[in-house]
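Quick one: the structure is below, questions incoming.
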Amino acid sequence: MGVAETTARTAPRLRLEHGAKRIRAYLGGALVADTTRPLLVWEVPYYPTYYFPADDVRGELLQAEDTVKHSPSRGDGQTFTVSAGGKQAVAGALRYPESPIPELRELIRLEWNAMDAWFEEDEEVFVHPRDPHTRIDILASSRQVRVEVEGETIADSASPRLLFETGLPPRYYLPKTHVRMDLLERSDTITHCPYKGQAETWSVRAGGRLHEDLAWSYSTPLPESQKIAGLIAFYNEKVDLFVDGVLQERPSSKFA
């Protein structure tokens, strides 16, 4: 069930949705919260945040701080230090006891990066909570895909894997044998996706200079994304991408 609340004339609307998955959070190897009644709150458009019923959080691990954190939509929040497993997470928990959104008043929000590990059921989740409305489809294709950087062909393939992810442009994953790997240099940048896993990033040398972080690859993706293992994709937003000979418009996205 989903509901949306408007907290003030100028406050942004928040989307709320009751979840059905069991959610657990750990700090220092110790369990901090365990619920089958999470509330998913879209504080940003791209993914939700977990809020826990107070009864499902180990209250003895929380110590109130003097800090108040204000949100235009959620109101004033009381911060807590979380102490567990020999570790401390300052401002690791937050509660809105007088929130203008009634559903939040009895809930506790744990800061994602303050915890050591998060689990949906028995599977560890990374980066941020998974959006239940995000879908990923990976399809084999025979479309001709060519990637150019400053007029130089970097990749050319007639056997791409097309990845369609809710809210993002389609991505074209290409076999490394169809990519000019001699023009690619591995970057120090590592990215993470809660749906696909950890990716290594590549820069491209073309036009006499290095174009940083234009491509990425998942060597060991999560089980649901195994079809793209070892393949390379390029940011449509940053390269010239031709599909069946037609130059694609560079999309506008958070990666642009």
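Inside segment 78-99, can you point out the residues that are buried (at least 17 other Cβ atoms within 10 Å of the Cβ), over 24 Å from the mean Cα position of the chain (by Cα) and within 22 Å of R13 (Cβ to Cβ)?
Y96, S99
Could I ask something else about it? So, V44, is that one modelled with pLDDT under 95, assigned to a strand (DSSP E or B) and either among the aliphatic types (A, V, I, L, M) or open to solvent by 10 Å² or more (accessible area, probe 1.4 Å) (or both) or not? It would help to see each step written out before you state the result.
Numbers: modelled with pLDDT under 95: yes; assigned to a strand (DSSP E or B): no; either among the aliphatic types (A, V, I, L, M) or open to solvent by 10 Å² or more (accessible area, probe 1.4 Å) (or both): yes.
The answer is no for V44.
Name every residue in segment 129-162 that is charged (D, E, K, R) and at positive phi, in order of residue number.
Within segment 129-162, just E150 meets the criteria.
Taking segment 155-180 on its own, how many of its residues are open to solvent by less than 40 Å² (accessible area, probe 1.4 Å), part of a strand (DSSP E or B) and not aromatic (F, W, Y)?
Residues of segment 155-180 open to solvent by less than 40 Å² (accessible area, probe 1.4 Å): 155, 157, 160, 162-163, 165, 169, 171-175, 179.
Pick out the ones that are also part of a strand (DSSP E or B) and you get 155, 157, 162-163, 165, 171-174, 179.
Retained after the next criterion (residues that are not aromatic (F, W, Y)): 155, 157, 162-163, 165, 171, 174, 179.
Of the residues in segment 155-180, 8 are open to solvent by less than 40 Å² (accessible area, probe 1.4 Å), part of a strand (DSSP E or B) and not aromatic (F, W, Y).
For segment 224-250, give me each residue that is within 16 Å of L162 (Cα to Cα), open to solvent by 70 Å² or more (accessible area, probe 1.4 Å) and either in contact (Cβ under 8 Å) with a residue 24 or more places away in the chain or among the hydroxyl-bearing types (S, T, Y) (or both).
E224, K227, D244 - these are the residues of segment 224-250 that are within 16 Å of L162 (Cα to Cα), open to solvent by 70 Å² or more (accessible area, probe 1.4 Å) and either in contact (Cβ under 8 Å) with a residue 24 or more places away in the chain or among the hydroxyl-bearing types (S, T, Y) (or both).
Only one of (1) surrounded by 13 or more Cβ atoms within 10 Å (Cβ to Cβ); (2) out of contact with any His (no Cβ under 7 Å at 6 or more places or on another chain); (3) part of a loop (DSSP other than H, G, I, E, B) fails for V127. Which number is that?
Unmet for V127, out of (1) surrounded by 13 or more Cβ atoms within 10 Å (Cβ to Cβ); (2) out of contact with any His (no Cβ under 7 Å at 6 or more places or on another chain); (3) part of a loop (DSSP other than H, G, I, E, B): (2).
Report whether or not E152 is over 26 Å from E124 (Cα atoms), charged (D, E, K, R), open to solvent by 60 Å² or more (accessible area, probe 1.4 Å) and touching a Ser or Thr at 6+ places or on another chain (Cβ under 6 Å).
no
For S142, are the conditions met, namely being among the small types (G, A, S) and open to solvent by less than 50 Å² (accessible area, probe 1.4 Å)?
On the way: among the small types (G, A, S): yes; open to solvent by less than 50 Å² (accessible area, probe 1.4 Å): no.
It is false that S142 is among the small types (G, A, S) and open to solvent by less than 50 Å² (accessible area, probe 1.4 Å).
P221 - would you say it is open to solvent by less than 20 Å² (accessible area, probe 1.4 Å), in contact with a strand residue (DSSP E or B) (Cβ under 7 Å, 6 or more places away or on another chain), without any contact (Cβ under 8 Å) to a residue 60 or more places away in the chain and not basic (K, R)? Steps first, answer last, please.
Values: open to solvent by less than 20 Å² (accessible area, probe 1.4 Å): yes; in contact with a strand residue (DSSP E or B) (Cβ under 7 Å, 6 or more places away or on another chain): yes; without any contact (Cβ under 8 Å) to a residue 60 or more places away in the chain: yes; not basic (K, R): yes.
Judged against the criteria, P221 is a match.
Among what's in segment 200-209 and is part of a strand (DSSP E or B) and either surrounded by fewer than 13 Cβ atoms within 10 Å (Cβ to Cβ) or of a type in the set (K, R) (or both), pick the residue that is farthest from the chain's Cα centre (by Cα).
Out of the qualifying residues, it is R209.
For segment 87-105, which positions are within 15 Å of S71 (Cβ to Cβ) and in contact with a helix residue (DSSP H, G or I) (Cβ under 7 Å, 6 or more places away or on another chain)?
Selection gives Y96 alone.
Right, next: So if I check each of S83, S71, which one is closer than 15 Å to L31 by Cα and without any contact (Cβ under 8 Å) to a residue 60 or more places away in the chain?
S83
If I filter segment 51-77 down to residues being crowded, with 17+ Cβ neighbours inside 10 Å and touching a Leu at 6+ places or on another chain (Cβ under 7 Å), which single residue comes out as farthest from A91 (Cα to Cα)?
S73
While we're here: For segment 181-199, give me each residue that is part of a strand (DSSP E or B) and in contact with a Lys or Arg (Cβ under 8 Å, 6 or more places away or on another chain).
Correct list: L184, E185.
The values are calculated or read from the model by the stated rules, or taken from the named source; none is laboratory data. Since the structure is predicted, the reported quantities are computational estimates derived from the model, not experimental observations. We place every Cβ from the backbone using ideal geometry, glycine too, and count neighbours over all the protein chains shown. To get the accessible areas, we keep the full protein, side chains included, count just its heavy atoms, and leave off ligands, DNA and RNA. Shrake-Rupley method; radii C 1.70, N 1.55, O 1.52, S 1.80 Å.
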